[in-house]
Every structure is written in C-alpha cells, then in structure tokens.
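Input: a single structure, listed below in structure tokens.
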C-alpha cells in the first residue's frame with residue numbers, strides 16, 4: 001500500500017519527531033533535502049518520494065525487503081533495527097543516483113510509529129473526520145457517505161476495508177491538506193481495539209451502524225461486541241457529534257449511555273438519530289428488484305423518494321447512516337435526497353456478476369456473520385427470479401464457541417428459502433447439514449419461485465457440503481446453469497469465495 005500526494009509533505013525531521021525516532025541520513029545532501037510526499041508499505045510498487053515503513057506481521061517481516069524498498073526509490077525507511085552493511089551500501093548507491101539522501105528513522109516498533117505519524121498528520125489536516133464502525137454495514141456506509149458528501153465537498157475515504165490497526169493509519173495518512181471531509185472506517189476483533197483506533201482518528205462525528213453476532217471469538221458474546229463497539233463513543237472527542245441507530249437494541253442502549261441528559265438536563269452532546277419509524281433520518285424500502293431499491297421517507301422533516309442502484313433491502317440502514325453523516329458534514333436534506341442515487345456497492349458486497357451461461361451471480365464475499373447471512377437469504381427469497389435459485393455459502397469465521405449453533409441455524413434458514421441447490425464450504429459443514437436436514441423450520445417457503453405458505457424445502461439431494469473448495473464442484477455447477485438462474489455466493493473473506501465464482505466463468509469480474 002502506498003500513499004502519494006503532490007501536496008502531501010513532511011520533512012524527515014518532523015517525521016522522526018512525530019514517531020519518537022532517531023534520524024540518520026545516508027548519502028549526499030542535507031536535512032533540508034530530505035522530505036516525503038507520502039508513505040508506503042509495499043516494496044512491489046514505486047516508492048519514489050515515499051517514507052517506507054518496515055511493518056512486521058504474523059507471517060512477514062518487511063525488514064527482509066529493505067533493499068527492495070531502496071531499489072524502488074524510497075526516500076526514507078522507518079525500521080526497528082540497524083541496517084546491515086549491504087543495506088547501507090544500497091542506500092549510498094541510491095543517494096548517488098538520485099542526488100538526495102536516504103533518511104533512516106530508527107524506532108522501537110514500526111507499527112506504533114505508523115500510528116503515531118498518522119495521528120500527527122490527522123491533527124495537521126483541517127478536514128472534518130467522520131468515524132464509522134458496526135458489525136455489519138460499516139464499509140457500505142463509508143462508501144455511501146463518501147458518494148453523497150462528494151457531491152458537495154472534497155472527500156477522502158479509505159479504499160476497501162482498511163479498518164484495522166494498520167489500515168486506519170494508512171487511511172488517515174491518505175487525507176490531503178485540501179480535503180474538506182474524510183470518512184474513516186474502523187473495525188475490531190477484540191475489546192480495546194476501537195479505543196486505540198478512536199484515539200488516532202479523533203473523529204468529529206461517529207456512528208455505530210449496528211451490533212450483531214460478529215467477532216464473537218474475540219469478545220465472547222453479543223454483549224461483548226456491543227461493549228467493544230461502544231468504544232467509538234467513549235473515546236470520541238468531547239466535541240464530537242454522536243449518531244445513533246434507533247432500530248438496534250444495542251445502539252439504542254449506547255444512546256442512553258452516551259447521550260443521556262446531565263444533572264442540568266442536557267447532555268452537551270450534539271446527536272443525530274436514524275431509524276425506520278423515527279429519527280432525524282427515517283427511510284424505508286418500498287420495492288426492490290435485482291438492480292435497485294426504491295426508498296421513501298424523511299430527512300430532517302423533508303420528505304422524498306429515490307431509486308438507489310444497490311441490491312438488498314438491508315442497505316436502507318446503511319443509507320440512513322450515510323445520510324446522517326452527510327447532515328453532520330453540513331449538507332441540507334434536499335442535497336442529500338438529490339445525491340442518494342449516487343450510492344454504489346463496493347467490491348465483494350452485493351456485487352452483481354454476469355456468467356457466460358447467462359445466469360447472474362450475487363457475490364458477497366467480504367464479510368459474513370449470522371445477521372448478514374440472514375439478510376442475504378431474505379433478499380434472495382424476495383428477489384424475482386426467472387430460473388433456479390442456487391446458494392454457495394461459506395464458513396462464517398471468528399464465531400468461536402458459537403460456530404456450531406450459528407451454522408446449524410444458517411442451514412435451517414437456507415433450507416427454507418427454497419434454493420434448488422445449496423453448496424456449503426467450510427469446517428462447519430456438518431453443523432450446516434444438520435440444520436438443513438432438520439425437521440423444525442423458520443419461515444416456510446415453498447417452491448423456488450418464492451411462493452410462501454408451503455412446507456419447508458427438505459430435498460437432501462440438493463445439499464452438497466465440503467470442508468474446502470473443490471474446483472470440480474464449481475465446474476459441475478457451471479455446466480448446469482442457464483439464462484435466468486440466480487446464484488448467491490456469500491461467506492467470510494477468509495474463505496476466498498471469489499475462487500468459486502471464477503470457476504463459474506464470470507464475464508465482468510476482477511479479483512481484488
């Protein structure tokens with residue numbers, strides 16, 4: 001990953017001071033010649049004018065590639081060990097070629113240094129910063145908010161899901177001095193992570209889209225998820241605006257905790273709320289088809305309606321959160337209504353893909369937990385389909401002790417949609433099959449056409465389970481798909497379900 005902007009400038013001295021590092025210049029030139037126009041973490045790309053951070057992960061240590069960073073013209077290196085004689089020689093040669101010194105900043109921890117520099121840069125930039133978290137919807141909300149707000153302001157937002165301990169710093173370092181608004185997504189998989197990220201971001205407004213059963217392995221329960229997510233409010237600056245979802249019991253509880261009136265009868269907090277039936281933003285889906293949802297409602301008392309080119313009725317929550325962020329950014333209700341149709345889904349999230357067979361696939365392979373899986377299945381049930389419905393579902397990861405019961409529940413839900421075929425990939429295949437083949441059911445859906453009121457579909461022969469991906473299964477399914485068929489592909493990012501999708505011969509899909 002690289003961040004390079006022509007108007008992004010930090011001197012070597014300022015950078016070293018910001019990360020509590022020891023600065024050394026190798027080669028010709030002086031301190032006034034040593035400046036950076038961005039940061040980089042990937043030695044496979046051009047690093048000219050960039051400050052390279054040698055990050056250490058679970059499987060990789062970028063210190064092994066310092067010579068590669070130098071050969072890619074890095075203007076400086078942030079490291080936590082002294083350079084070898086060979087690396088020093090490479091810096092001297094690079095300086096001789098460029099006529100500029102190579103700055104070496106020695107720190108105790110390169111990840112901590114990245115976070116420190118991002119905090120320093122965030123405080124230098126005048127942009128209003130909007131922070132987003134949530135079990136589901138945070139990336140879509142970020143994309144929607146950026147689309148809406150960009151219709152009036154110059155906006156920077158994190159691309160993809162740069163929402164963790166290194167992604168958030170990269171996102172902050174992507175803010176340009178002339179940006180007016182920055183939209184930053186923050187994730188978590190354990191208590192305390194959002195506390196750290198929130199202190200880096202220092203957001204002007206924050207929102208938790210919703211709380212559900214995600215990352216249970218790291219926090220133990222939904223209540224643990226709520227506690228971890230609430231850190232986006234507890235660690236926000238005193239001047240930050242709080243945005244609350246009125247449709248989720250856990251976010252409502254957060255509102256009562258963090259926006260409660262003081263003894264003087266007021267909280268001192270500026271708050272914005274959204275919900276299906278009440279709030280500053282109140283939207284509802286009136287109809288849905290394969291390529292759009294039709295919504296109507298009110299934004300700060302201004303009624304309106306819009307057609308949004310995204311799939312799935314669940315996106316109305318993300319649209320309400322995004323509209324609330326736009327209000328905080330200074331947009332009028334009328335401007336927001338006009339900009340709502342600009343919203344689009346990001347890669348791997350409710351992404352329509354055409355197949356050579358003439359069938360269409362809905363690829364949603366970036367995140368999966370019980371709530372998002374249920375939403376995907378409900379959307380599949382409502383969708384009008386000319387041909388057959390097929391589901392390719394992947395493991396919901398990071399559920400810990402809840403994995404067995406959650407996948408059994410998923411099996412029951414998938415059975416009752418009425419798919420002609422269901423394929424499950426992942427270690428919890430047995431649990432999924434047990435739910436799929438059980439006698440008890442939830443919503444009783446009849447034939448694949450979607451008629452309600454019939455007996456639950458329990459065709460055991462239609463279920464195929466595998467512990468991991470088998471190319472032969474995708475190849476076999478491909479031969480049986482015809483125009484009008486619908487294939488839902490959804491699972492956790494770690495399952496790499498785009499591999500299955502590519503086995504179906506997509507015509508308009510690129511891997512991330």
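What the table below lists for this structure:
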quantity	calculated
Filter result (touching a helix residue (DSSP H, G or I) at 6+ places or on another chain (Cβ under 9 Å) and exposed (fewer than 13 other Cβ atoms within 10 Å of the Cβ)) within region 21-49	22, 44
Odd one out for residue 307, checked against (1) surrounded by 13 or more Cβ atoms within 10 Å (Cβ to Cβ); (2) within 22 Å of the chain's Cα centre (by Cα); (3) touching a residue at least 24 places away in the same chain (Cβ under 8 Å)	(2)
Residue satisfying condition, being within 23 Å of the chain's Cα centre (by Cα), part of a helix (DSSP H, G or I), in contact (Cβ under 8 Å) with a residue 40 or more places away in the chain and in the same structural domain as residue 228 (by TED's automatic domain parsing), within set 141, 135	141
Matching option when the condition is more than 21 Å from residue 195 (Cα to Cα) and crowded, with 19+ Cβ neighbours inside 10 Å, among 140, 150	140
Residue within region 197-217 that is in a helix (DSSP H, G or I), more than 16 Å from the chain's Cα centre (by Cα) and modelled with pLDDT under 95 present	yes
Those residues of region 457-511 which are part of a loop (DSSP other than H, G, I, E, B) and buried (at least 21 other Cβ atoms within 10 Å of the Cβ), in sequence order	457, 481, 485, 491, 492, 497, 504
Scan of region 354-379 for residues that are assigned to a loop (DSSP other than H, G, I, E, B) and at pLDDT below 95, ordered by number	365, 366, 367, 368, 369
Test: residue in region 105-120 that is buried (at least 22 other Cβ atoms within 10 Å of the Cβ) and under 16 Å from the mean Cα position of the chain (by Cα)	no
Odd one out for residue 129, checked against (1) part of a strand (DSSP E or B); (2) surrounded by fewer than 21 Cβ atoms within 10 Å (Cβ to Cβ)	(2)
Selected residue (criterion: surrounded by the fewest Cβ atoms within 10 Å (Cβ to Cβ)) from residues of region 380-434 that are at positive phi and part of a loop (DSSP other than H, G, I, E, B)	398
Unmet criterion (only one of (1) surrounded by fewer than 16 Cβ atoms within 10 Å (Cβ to Cβ); (2) part of a loop (DSSP other than H, G, I, E, B); (3) in contact with a helix residue (DSSP H, G or I) (Cβ under 7 Å, 6 or more places away or on another chain)) for residue 349	(1)
Selection count where residues are free of Cβ contacts under 8 Å to residues at least 40 places away in the same chain and within 15 Å of the chain's Cα centre (by Cα), scope region 144-155	1
Conditions (1) at pLDDT 95 or above; (2) crowded, with 17+ Cβ neighbours inside 10 Å; (3) assigned by TED's automatic domain parsing to the domain that holds residue 25; (4) touching a helix residue (DSSP H, G or I) at 6+ places or on another chain (Cβ under 7 Å); number of the one not met by residue 94	(1)
Condition check for residue 127: farther than 30 Å from residue 320 by Cα and touching a residue at least 12 places away in the same chain (Cβ under 8 Å)	no
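The values are calculated or read from the model by the stated rules, or taken from the named source; none is laboratory data. Values in this document were obtained by computation on a predicted structure and should not be read as measured data. Here the Cβ is made from the backbone with ideal geometry for all residues, glycine too, and neighbour counts use every protein chain on show.
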